[in-house]
Amino acid sequence: ISNDKTFDLTISGQEAGTTVVYQVSTDGGTSWTPTTASQSGLTDGTYKFRATVTDSAGNSSTTPVQTVTIDTTPPTAGTLSLSNFTDSGSSATDNITNDNTFDLTISGQETGSTVVYQISTDGGVTWTTTTANQSSLTDGTYNFRATVTDASGNSATTPVQTVTIDTTPPTAG
């Protein structure tokens, strides 16, 4: 499974003086058509490749089938949420809080994908990897996102969740 849609087919170990004909099937191996060794611009889908080797006497044999799945479509990123989080500010929806310990969760991402949580403390200019469990965050504004990568290496990023931590009591005046 790959997002690489350009590659070469090669064969080795065949008898000297043989001719090689590469073949491709896009219908699960029901029908086969000749192809070149250089594959390029393949569209998303599953391809089966084989080679037929013919010696100078006209005898032929076929290599085992190599199956390649091309997937260049980014995965569904899903939705990043804050769990075990209390929005303690004057608004219950602005993510300004004195809660400096909470968890990042994601739902709706492509099945079988990997998730990497990221954090930025400079307004999204730079990002570093973080864990799903946030604890003892100092006062400041944090941006969180998750990058979801599917089995073929395509990635998508969730929308950013911004949280402002303020644990400092106000001046009483």
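Quick look at the numbers
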{"item": "Residues (under 18 Å from T72 (Cβ atoms), without any contact (Cβ under 8 Å) to a residue 40 or more places away in the chain, open to solvent by 60 Å² or more (accessible area, probe 1.4 Å) and part of a loop (DSSP other than H, G, I, E, B)) located in the range 1-48", "result": "T6, T26, S40, T43, D44"}
{"item": "Subset tally (residues that are part of a loop (DSSP other than H, G, I, E, B) and buried (at least 18 other Cβ atoms within 10 Å of the Cβ)) for the range 86-109", "result": "3"}
{"item": "Answer residue from the range 64-81, given it is at pLDDT below 95 and in contact with a strand residue (DSSP E or B) (Cβ under 6 Å, 6 or more places away or on another chain) and is farthest from T101 (Cα to Cα) among those", "result": "P74"}
{"item": "Cross-chain or 6+ apart pairs with Cβ under 7 Å, the range 72-86 first and touching a residue at least 12 places away in the same chain (Cβ under 8 Å), then part of a strand (DSSP E or B) and basic (K, R)", "result": "L80/R145"}
{"item": "Residue that is open to solvent by 60 Å² or more (accessible area, probe 1.4 Å), of a type in the set (S, T, Y) and not in a strand (DSSP E or B), where the choices are T76, T67", "result": "T76"}
{"item": "Candidate set: the range 110-124, residues that are assigned to a loop (DSSP other than H, G, I, E, B) and under 19 Å from I165 (Cα atoms); chosen: the one most open to solvent (accessible area, probe 1.4 Å)", "result": "T121"}
{"item": "Test for S40: is it within 26 Å of the chain's Cα centre (by Cα) and farther than 25 Å from S113 by Cα", "result": "yes"}
{"item": "Residue count for the range 135-173, restricted to those that are within 15 Å of N100 (Cβ to Cβ), open to solvent by less than 40 Å² (accessible area, probe 1.4 Å) and part of a loop (DSSP other than H, G, I, E, B)", "result": "1"}
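The values are calculated or read from the model by the stated rules, or taken from the named source; none is laboratory data. Quick caveat: nothing in here was measured; it's all calculated off a predicted structure. Methodologically, a virtual Cβ is constructed for each residue, glycine included, from the backbone with ideal geometry; neighbour enumeration extends over all protein chains shown. With ligands, DNA and RNA removed, areas are computed over all heavy atoms of the protein, side chains included. Shrake-Rupley method; radii C 1.70, N 1.55, O 1.52, S 1.80 Å.
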